[in-house]
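Accompanying notes for the structure given below.
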Amino acid sequence: MEYTFSLAITLYEETVRTFILLISLMMLPVMAWANSGEKKADESAGPVIEYVEMKPKFTVNLAEPKKYLMLNVQLLVEGAEHVEKVKKHMPLLRHEMIMLLSGMNSADLQSMEQREGLRVKTKQLITDLLTKSQNSDGFRDVFFSEFLIQ
C-alpha cells in the first residue's frame, strides 16, 4: 500500500513537471514576439542624441599679457551618422575655435550675457563650418562645460 502511494506521488510529480515544461515551451514564441516589439519601439523613438567633447580643452592666450582662457566645449549632435561627420571635421572646428578665442579681451568675457554671446557666436561658427564642408543637419548646439579666465 505504501509502495502504491509512493508511486502515485512520483507519477503526479512527473505529470506536473511535464505540464510546466509544456506550458513554458508554449510561452517561448509569445515572449520572443513581445521582446521584438520593444526593440521596434526603441528604434522608432528617434535618432540618438549625443554630446561630443572637443578634446583636449582649449587653452588660449587673451589680449592682456599673462592672461589666458581655458574652455571645455561640448557639441550636441543628433544622429550617429552626424556624430561621425562632426568627429571627422574636428581639426577644422578646433582650428577655427582657437582663432575665434585667441586675442579676446578678458573684459569681454566677464558677465553671463557676454559668455552667452560667445556661445551663440561659437554655435554659428561651427554651423557655418559644417555647412561649408558637408552639411550641418545633425549639429544642434554647443555648450561650455568649463570656462576659466586667469
If you filter region 42-150 for trypsin sites (Lys or Arg not before Pro), then keep DSSP loop positions with at most 12 other Cβ within 10 Å, what is left? LYS66
Return, ordered by residue number, the residues of region 123-150 whose backbone nitrogen is under 16 Å from a label point located 7 Å along Cα→Cβ of TYR51. 140-148
Could you calculate the contour length gain from SER111 to LYS66, that is, 0.36 nm times the residue separation minus the distance between their Cα atoms, to one decimal place in nm? 14.1 nm
Segment ARG94-PHE143, extension gain: residue separation times 0.36 nm, minus the distance between their alpha carbons: 16.2 nm
Using Cβ contacts closer than 10 Å as the measure, can you line up PHE144, PHE19, PHE58 from fewest to most? PHE19, PHE144, PHE58
Sorted by Cβ density within 10 Å, fewest first, the residues ILE98, ILE126, ILE149, ILE23: ILE23, ILE98, ILE149, ILE126
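None of the figures in this text is laboratory data; all of them are computed from the coordinates on show. Just so we're clear, the structure is a prediction, and the values are computed from it rather than from any experiment. Cβ coordinates were reconstructed from backbone atoms using ideal geometry, including for glycine residues, and neighbour counts include every protein chain displayed.
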